[in-house]
1. Determine whether ASP38 is buried (at least 19 other Cβ atoms within 10 Å of the Cβ) and either in contact (Cβ under 8 Å) with a residue 60 or more places away in the chain or under 20 Å from ALA135 (Cβ atoms) (or both).
2. What number of residues within region 41-68 are crowded, with 24+ Cβ neighbours inside 10 Å and at pLDDT below 95?
3. Across region 138-171, what is the number of residues that are touching a residue at least 12 places away in the same chain (Cβ under 8 Å) and not in a strand (DSSP E or B)?
4. Looking at (1) at pLDDT 95 or above; (2) closer than 24 Å to GLY161 by Cα; (3) out of contact with any Ser or Thr (no Cβ under 9 Å at 6 or more places or on another chain); (4) surrounded by 12 or more Cβ atoms within 10 Å (Cβ to Cβ), which one does THR211 not meet, given that it meets all the others?
5. Out of all the residues in region 126-148, is one or more under 19 Å from GLY14 (Cα atoms) and over 17 Å from the mean Cα position of the chain (by Cα)?
6. Would you point out the residue of region 214-246, among those that are charged (D, E, K, R) and more than 26 Å from LEU97 (Cα to Cα), that is modelled with the highest pLDDT?
7. Being assigned to a loop (DSSP other than H, G, I, E, B) and either of a type in the set (Phe, Trp, Tyr) or more than 15 Å from the chain's Cα centre (by Cα) (or both) is the filter; apply it to region 232-248 and report the residue that is surrounded by the fewest Cβ atoms within 10 Å (Cβ to Cβ).
8. Kindly indicate the residue of region 172-204 that is more than 19 Å from PHE129 (Cβ to Cβ) and in contact (Cβ under 8 Å) with a residue 60 or more places away in the chain and also nearest to the chain's Cα centre (by Cα) among those meeting that condition.
Amino acid sequence: MNGICAGRVVIVTGAGRGLGRAHALAFAAEGARVVVNDLGVGLDGVPGPDSPAGAVVDEIRTAGGEAVAHGGDIATAAGAESLVAAALDTYGRLDTLVNNAGFLRDRMLVNLGEDDWDAVMRVHLKGHFLPLRHAAAHWRAETKAGRTPVARIVNTSSGAGLLGSVGQGNYSAAKAGIVGLTLVAAAELARYGVQVNAIAPAARTRMTERTFARTMAAPDAGFDAMAPENVSPLVVWLGSAASAGVTGRVFETEGGRITVMEGWRPGPTADKGARRTPAEAGETALKLLAEAAVPGAVYGA
């Protein structure tokens, strides 16, 4: 197959449904060979009777592409290691990692149990870190062997991680952590030929179907603005060699809209050159806040 990812080998986690499935199909359509990872769990992270990864592999192969299924738990060291090994053993290389797997256990903070906190952190944050770590170790070894890769990592954050979301303290914290992980990884892995970026997508999936009803931006054209397939073109481009020079960035993407997010930057500041009293610190803080931009509203507030 021809396309901007021709010859590349791409891993997509959580690729059995929703955004991950859309990404896997889009990469394959652009010529990539795809490792389709999915544990086959429900919205709450509990394993179902079977994994949908094989069905996505069948779709790709029916369309003339190449793909292999991986059903391991990427939030464990063994599962993440076997994920990278699946790409290397099957195709002999790895070029792109798309970290997408996740689920929800929404609760208001006063009702949020420790198990629900830990489970969401484990899958979203640890489930990003471990595949990233094992893929990066491979690319570092390649670089040391004189074969510097043209490698890409695309992480999945959320508007909830950028602005917060009522009833999603665990999810928002994990998604904010993914942004921090992205920035560090982009800085640390550049020497090994690895670019690392993140997306904050909005699309209708199992996780968001109650939030995003079917909407048509242009009914006559039949454009479903909340379809997950709208997010995938940016992910494919970020995962390709065509995105050379783009790293350490976060993109919001929804429907036909792409936004480069600008994170924490210094705003109004005041330096007394000496220690303040609490009253002086408060007076200064209020003056600076009056000069500062108003932050975006927390989702659901």
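The values are calculated or read from the model by the stated rules, or taken from the named source; none is laboratory data. Only a predicted model underlies this, so the values are computations on that prediction, with no experimental measurement involved. Positions of Cβ are generated from backbone atoms using ideal geometry, with glycine treated the same way; all protein chains shown enter the neighbour counts.
1. Details: buried (at least 19 other Cβ atoms within 10 Å of the Cβ): yes; either in contact (Cβ under 8 Å) with a residue 60 or more places away in the chain or under 20 Å from ALA135 (Cβ atoms) (or both): yes.
In short, yes.
2. The number of residues fulfilling the criteria is 1.
3. Residues of region 138-171 touching a residue at least 12 places away in the same chain (Cβ under 8 Å): 138-140, 142-143, 148-171.
Next, from what is left, pick out any that are not in a strand (DSSP E or B): 138-140, 142-143, 148-150, 157-164, 166-167, 169-171.
Within region 138-171, residues that are touching a residue at least 12 places away in the same chain (Cβ under 8 Å) and not in a strand (DSSP E or B) number 21.
4. Of everything listed in (1) at pLDDT 95 or above; (2) closer than 24 Å to GLY161 by Cα; (3) out of contact with any Ser or Thr (no Cβ under 9 Å at 6 or more places or on another chain); (4) surrounded by 12 or more Cβ atoms within 10 Å (Cβ to Cβ), THR211 misses just condition (1).
5. Keep residues of region 126-148 that are under 19 Å from GLY14 (Cα atoms), which gives 126-135.
Narrowing further to those that are over 17 Å from the mean Cα position of the chain (by Cα): none.
So far as region 126-148 goes, no, none of its residues is under 19 Å from GLY14 (Cα atoms) and over 17 Å from the mean Cα position of the chain (by Cα).
6. First, pick out the residues of region 214-246 that are charged (D, E, K, R): 214, 220, 224, 229.
Next, from what is left, pick out any that are more than 26 Å from LEU97 (Cα to Cα): 214, 220, 224.
On the way: ARG214: 40, ASP220: 46, ASP224: 84.
My answer is ASP224.
7. Taking the candidates together, the pick is GLY245.
8. PRO201
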